[in-house]
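Note sheet for the following structure.
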Amino acid sequence: DQQVKQNSPSLSVQEGRISILNCDYTNSMFDYFLWYKKYPAEGPTFLISISSIKDKNEDGRFTVFLNKSAKHLSLHIVPSQPGDSAVYFCAATRGYGGSQGNLIFGKGTKLSVKP
Amino acid sequence: DAGVTQSPTHLIKTRGQQVTLRCSPKSGHDTVSWYQQALGQGPQFIFQYYEEEERQRGNFPDRFSGHQFPNYSSELNVNALLLGDSALYLCASSLGALAVPDTQYFGPGTRLTVL
């Protein structure tokens, strides 16, 4: 039973355009969400996070939106760059600050940004 | 400043054997979490070590055990290997078991193949 779902295995976007990666969750107890980027032969790298008390968090070209009623979050990358090509994982946790080790990950979306 | 390091990089074992994977946390970090990432899946939480004790555990059988040393490095042991144990094993470190999830750093992983 997948609690965090990334239904798009892959996404291809033109350089300079917007990339939108989606994530759905089923556990209403989740109160903190994160996005990670992973290049081949490297571990996941933290990108951006959002707590359930917010509906938007921005960091440079990256913005995460949270819709609690729909149990849906999305990551927007604007503008997309070829260096953004990687696998993106959505992760969730409950008990923010108390269970930081126990992250529940989605299966990932492979983003390809074409020059 | 060295990040999280893991050894070995790759490992091949046969069914029924035992394996030990090693992790050195990022300098200044005292908490280590282990994840298993099967092919095409997201990382799955195995357990977390803090102050040389297992603090949290995911849904993994007792064949998976670990240890944390006084210098905060950690080992993951898997007994009676099964074909399904083939995966990338990721180690993540942070400062404090209650730290914000954003501050968790992942190592590059150990690729275990069970034949």
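The values are calculated or read from the model by the stated rules, or taken from the named source; none is laboratory data. Predicted model, so just to flag it, every value in this text is computed and none were measured. Reconstructed Cβ throughout: ideal geometry from the backbone, glycine too, with neighbour counts over all protein chains shown.
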- prompt: Checking A:GLN14 against (1) surrounded by fewer than 18 Cβ atoms within 10 Å (Cβ to Cβ); (2) modelled with pLDDT under 95, which single condition isn't satisfied?
  reply: (2)
Filter result for the condition that a residue is at the interface with chain B (Cβ under 9 Å from one of its Cβ atoms) and of a type in the set (S, T, N, Q), over A:GLN6, A:GLN14: A:GLN6
- request: State the number of residues belonging to region A:35-85 that are within 30 Å of B:PRO8 (Cα to Cα) and of a type outside the set (S, T, N, Q).
  value: 15
statement: Restricting region B:73-115 to residues that are away from every other protein chain (no Cβ under 14 Å) and not aliphatic (A, V, I, L, M), the one surrounded by the fewest Cβ atoms within 10 Å (Cβ to Cβ) turns out to be B:GLY84
